[in-house]
Amino acid sequence: MADGGDEFDIDTRVQMSGLLFKRPFGHKANKWQKRFFIVKEGFLLYYPEKEKTIFDRSGHFNIHPKGVIPLGGISVEAGECPGQRFAILITHKDFKGEITLAAESAQDRDQWTNIISKSGKVTWKNAQIGEAMVQKLEDNSKKIAEEKQAYMEKLQNEAKALKEEKGKKEELEKMASELAEEKAAIEEAARQLREEKDFTQQELDQSLESMRKIEQDKMELERTTEGLQGQLEKVRQEKDSTQSRLQELDEQKLMLAEENAKLAEFTSALKDDLDNIDFQRRQIEEDRKLAEELLAEKERRARELEEEREKHEEEAVELKLNLEVKHVLKLNSNST
């Protein structure tokens, strides 16, 4: 099948195909990946695992493999590797190290070893096919390099944005800490108010009903602002003045009535301040939660980018091997 123009018409018949495990070239780590392999005219082509389904359905192989291994002049033998009992070891004097594959059974390993060994003869047609494949790989490598550059720039921009989000989160945490300190001060002031109320209630038995109203108002003052302390001092002074005039019961009742009216106005204003503070605190808490969610999303995205970067690095290693394969193919073509 040909794409048209000057491209070489590649025969779709293959000598063997199937799934094998592959260890990354140039690595000794026990990291294996399942790939779809095809033996075709003296070359071993490999693809992502999902390519097997397309090949089984259409009967035609993709001319854009993930990698190409020339089999001319290679040595192949069965072996064992950690975690893989049925390994296939491929070596060549021009390869840097060995290529390690693995089958799922001894029978599959022996069949692959036999076919790969028989496919080691290089022909002029193999060289033509290799040149066509190498040209495709070179085009793909240029495209991958451009995509990698764009991806790295995108990664740097997102890392910068992530750093800014982290600074914003720290600022929100500082504001939350300051708000907590203000809340503690308000609670302490409210506690003192309750003590003053108890003391006043003991001395003013005849104003029990009025003091109950004051107690309800004080319960609503638990989350007031720092200005509450100054107002509390004013209430203390008024209380001292009231105690000095307790000699006359009628005057005391008149005094309490006036004070109750003042306290009602004062507590109403304080309640408005408390409602405003509570609204601001909830707003800050919502902003902090939103910032944490955005930060978590950025961190997850950063991990995904890191995984994709590692994947690109692995593809770059495989691309380097493919470029070396091109060199070997040219040498074989010149010798032919």
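The values are calculated or read from the model by the stated rules, or taken from the named source; none is laboratory data. Everything quoted here is computed from the prediction, not taken from an experiment. Cβ sites come from the backbone with ideal geometry, for glycine too, and all protein chains shown count toward neighbours. All accessible areas refer to the heavy atoms of the entire protein, side chains included, with ligands and DNA or RNA removed. Shrake-Rupley method; radii C 1.70, N 1.55, O 1.52, S 1.80 Å.
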* State to the nearest 20 debye the size of the charge dipole of the stretch 217-336 about its Cα centre, where the only charges are +1 on K and R beta carbons and -1 on D and E beta carbons. => 540 debye
* Structure fact -> FRET efficiency (Glu170, Arg236; Cβ distance; R0 56 Å; to 0.05) is 0.85
* Asked: Accessible area per residue, 1.4 Å probe, Å², for the chain: what's the number?
  -> 62 Å²
* Structure fact -> Given backbone amide H placed at 1.01 Å from N, residues whose amide H is under 5 Å from that of Gln15, ignoring those fewer than 5 places away on the same chain, are Val39, Lys40, Glu41
* **Of Leu249, Ala180, Gly230, farthest towards positive along the dipole that unit charges on Lys, Arg, Asp, Glu beta carbons give the chain** => Ala180
* Considering only protein heavy atoms and a 1.4 Å probe, what is the carbon-and-sulfur percentage of the accessible area of the chain? -> 49 percent
* Asked: Rounded to the nearest 20 Debye, what is the dipole magnitude of the chain about its Cα centre when Lys and Arg each give +1 and Asp and Glu each give -1 at the C-beta?
  -> 3300 debye
* To do: Pop the C-beta distance of Leu295 and Lys253 into the FRET formula with R0 = 56 Å and round what comes out to the nearest 0.05.
  => 0.35
* **Point-to-point label distance, Ser335-Ala159, nm (Cα→Cβ direction, 7 Å offset)** => 4.5 nm
* Using Cα pairs closer than 8 Å and at least 6 residues apart in sequence, work out the relative contact order for the chain, in percent. => 17 percent
* Matching label, mean projected area of the Cα convex hull in nm² computed from the structure shown, candidates [x] 18.4; [y] 19.2; [z] 28.8 -> [z]
* Structure fact -> Rg/Rh of the stretch 211-336 (Cα atoms, Kirkwood Rh), to two decimals, equals 1.73
